[in-house]
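Have a look at the structure below, then the notes.
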Amino acid sequence: EAAYNALRQGLMDYERRQRYRGPEKFVALPADAQAQEDVIDDALASHPDNGDLLAAVVLEADPKKLVAVRANGDTVEITGRGLQLAQRGLAAKAPPNLEIKRGSILRVMQIEGMAKTKAGWEATQLPEVEGAFVALTPQTGAIRALVGGFDFDKNKFNHVTQAWRQPGSSFKPFIYSAALEKGFTPATMINDAPLFFSAGVTGGQPWEPKNYDSRYDGPMTMRTGLNKSKNMISIRLLQAVGPKQGQEGITRFGVDAAKHPAYLTMALGAGSVTPMQLAAAYAVFANGGHRVNPWLIAKITDYKGRVLSEYTAPPLEQLPQAIEPRNAFIMSSLLQDVAR
């Protein structure tokens with residue numbers, strides 16, 4: 001439940017920074033009270049609540065106040081910061097597709113931190129962006145929480161197990177781990193300086209990678225390079241390891257080599273992983289170098305409570321050794337520095 005709420009809150013926080021896309025629908029509200037109630041009931045029946053994102057029909061609208069009615073008949077009044085996202089729809093010259101007026105169907109939700117008795121509300125919208133959340137125990141692979149998306153009724157696609165995404169900089173620790181095997185140490189000095197690869201080297205387009213902030217700080221330790229997530233450091237490490245050897249090395253973490261072509265772009269996380277794969281791969285650093293297989297079902301019983309099937313995770317020392325314990329120890333130290 002905590003994971004589900006955290007995912008939804010994160011996506012809604014993101015949604016508040018987006019542009020307002022307008023009401024979900026518009027219905028003409030008659031003047032007669034009973035007829036109006038019937039129209040509202042029919043309209044909201046086809047726009048059900050989504051968790052704490054409640055559907056409502058607007059009764060009054062101006063730039064300073066919104067009054068809307070929910071499916072249960074409660075009236076919601078929205079003012080002040082609760083109108084922040086919807087301002088474009090309340091403007092005097094709002095485009096027809098964005099305009100919020102009497103009869104508009106939109107989403108409202110309680111502002112976090114406001115007491116229920118004060119009923120602080122905001123006008124919002126269903127997010128278009130999706131997300132995923134997975135947490136597992138590194139020592140056993142037991143999945144503690146798995147949330148495959150914002151709402152199962154809206155989208156049955158499980159983004160934890162089915163979505164292939166570019167890991168970006170979260171992939172860099174696997175390159176650093178391979179560099180440790182090659183003889184590098186956290187104190188090894190590496191030059192954070194610009195790089196350029198001609199078309200003759202790449203076999204295609206010229207490539208001039210940059211650091212995220214376009215700053216280059218010169219020679220620094222490997223530890224500092226990971227702390228600052230320097231792209232040039234990661235690329236130089238993969239150059240030293242060799243792209244082919246780097247590709248072979250990541251398979252020990254349970255990552256699909258075919259999804260990570262043996263090019264230097266792999267150092268910047270240009271391949272593809274699922275969130276589940278990435279969580280299991282990071283578990284290797286956390287458990288002393290062992291590769292775990294994530295599992296979800298611990299026990300199956302019948303209607304009388306008799307155990308039909310039960311799974312017990314093997315002891316950690318019996319799991320495959322993906323990297324040496326000393327490698328995992330140093331990588332844990334480096335990653336703790338990143339967090340600090």
Within segment 61-75, track down each residue that is closer than 18 Å to Ala45 by Cα and either out of contact with any strand residue (DSSP E or B) (no Cβ under 8 Å at 6 or more places or on another chain) or open to solvent by less than 70 Å² (accessible area, probe 1.4 Å) (or both). Ala68, Val69, Arg70, Ala71, Asn72, Gly73, Asp74
Please state which one of Pro275, Pro206 is touching a Phe, Trp or Tyr at 6+ places or on another chain (Cβ under 9 Å), at pLDDT 95 or above and not hydroxyl-bearing (Ser, Thr, Tyr). Pro275
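Kindly provide the set of residues from segment 287-314 that are under 20 Å from Gln139 (Cα atoms) and open to solvent by 60 Å² or more (accessible area, probe 1.4 Å), ordered by number.
Quick first cut of segment 287-314, residues under 20 Å from Gln139 (Cα atoms) only: 287-299, 310-314.
Arg291, Asn293, Leu296, Ile297, Lys299, Glu310, Tyr311, Thr312 - these are the residues of segment 287-314 that are under 20 Å from Gln139 (Cα atoms) and open to solvent by 60 Å² or more (accessible area, probe 1.4 Å).
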Can you name the number of the only condition in (1) assigned to a helix (DSSP H, G or I); (2) in contact with a Lys or Arg (Cβ under 9 Å, 6 or more places away or on another chain); (3) under 14 Å from Gln125 (Cβ atoms) that Ala43 fails? (3)
The listed residue being in contact with an Asp or Glu (Cβ under 6 Å, 6 or more places away or on another chain) and either open to solvent by 30 Å² or more (accessible area, probe 1.4 Å) or within 23 Å of Asn327 (Cβ to Cβ) (or both), out of Tyr216, Tyr263: Tyr216
Taking only pairs six or more apart or across chains, which ones have beta-carbon atoms under 8 Å, a first residue in segment 175-188 that is within 17 Å of Met266 (Cβ to Cβ), and a second residue that is assigned to a helix (DSSP H, G or I) and among the charged types (D, E, K, R)? none
Scanning segment 146-176 for residues that are among the β-branched types (Val, Ile, Thr) and within 17 Å of the chain's Cα centre (by Cα), which turns out most open to solvent (accessible area, probe 1.4 Å)? Thr161
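The values are calculated or read from the model by the stated rules, or taken from the named source; none is laboratory data. These numbers come from a predicted model, not from an experiment. With ideal geometry, Cβ positions are generated from the backbone for all residues, glycine too; neighbour counts draw on all protein chains shown. The accessibility values were calculated without ligands, DNA or RNA, using every heavy atom of the protein model including side chains. Shrake-Rupley method; radii C 1.70, N 1.55, O 1.52, S 1.80 Å.
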